[in-house]
Amino acid sequence: MPKANADAVILDVLILSEKHRRPAARCVEDVVFYDYRHAKKLTLETRPFMLEVFQKTFELQEEAKATNSKRRDVLIEQVRALEKESWDQNA
């Protein structure tokens, strides 16, 4: 969660290929908040609107992660059940 005293954020992105159904790329970006007029770094507390947006975005990402983790777990269990079913028939 971004904090008011943060002067940078790390963006960690996973790009998925729908066609190949697997990760295609991973990007990591370090973004520093900089005030060019005063030639110095600044913190999010000096820009409350940015802090609010970053925090809201973080919350939405955490919600999406929880939802998608549940979906993933269901799919994994379904695949395991299908595999077990097919293995048991061949035995």
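The values are calculated or read from the model by the stated rules, or taken from the named source; none is laboratory data. Treat the numbers as computed from the prediction; the structure is a model and nothing was measured. We place every Cβ from the backbone using ideal geometry, glycine too, and count neighbours over all the protein chains shown.
For the range 9-30, the set of residues classified as surrounded by 10 or more Cβ atoms within 10 Å (Cβ to Cβ) and in contact with a Leu (Cβ under 8 Å, 6 or more places away or on another chain) consists of 23, 24, listed by residue number. Checking 41, 65, 84, 3 one by one, the residue that is out of contact with any Phe, Trp or Tyr (no Cβ under 9 Å at 6 or more places or on another chain), among the basic types (Lys, Arg) and in contact (Cβ under 8 Å) with a residue 24 or more places away in the chain is 3 and no other.
Do the conditions hold for residue 39, that is, is it closer than 28 Å to residue 4 by Cβ and at pLDDT 95 or above?
Values: closer than 28 Å to residue 4 by Cβ: yes; at pLDDT 95 or above: yes.
The answer is yes for residue 39.
Taking each residue of the range 8-19 that is touching a residue at least 24 places away in the same chain (Cβ under 8 Å) and within 26 Å of residue 46 (Cα to Cα) and looking for partners that are aromatic (Phe, Trp, Tyr) and surrounded by 10 or more Cβ atoms within 10 Å (Cβ to Cβ) with beta-carbon atoms closer than 9 Å, six or more apart or interchain, yields 8/33; 9/33; 9/54. Residue 64 falls short on exactly one of the conditions (1) in contact with a strand residue (DSSP E or B) (Cβ under 6 Å, 6 or more places away or on another chain); (2) modelled with pLDDT of 90 or more, and that condition is (1).
For the range 1-50, a tally of residues being closer than 21 Å to residue 65 by Cβ and in contact with a Lys or Arg (Cβ under 9 Å, 6 or more places away or on another chain) returns 5.
Going through the range 2-53 one residue at a time, which ones are among the aromatic types (Phe, Trp, Tyr) and touching a helix residue (DSSP H, G or I) at 6+ places or on another chain (Cβ under 7 Å)?
33, the sole residue that qualifies.
Scan the range 37-91 for residues that are assigned to a loop (DSSP other than H, G, I, E, B) and surrounded by 10 or more Cβ atoms within 10 Å (Cβ to Cβ) and jot them down. Across the range 37-91, the qualifying residues are 42, 43, 47.
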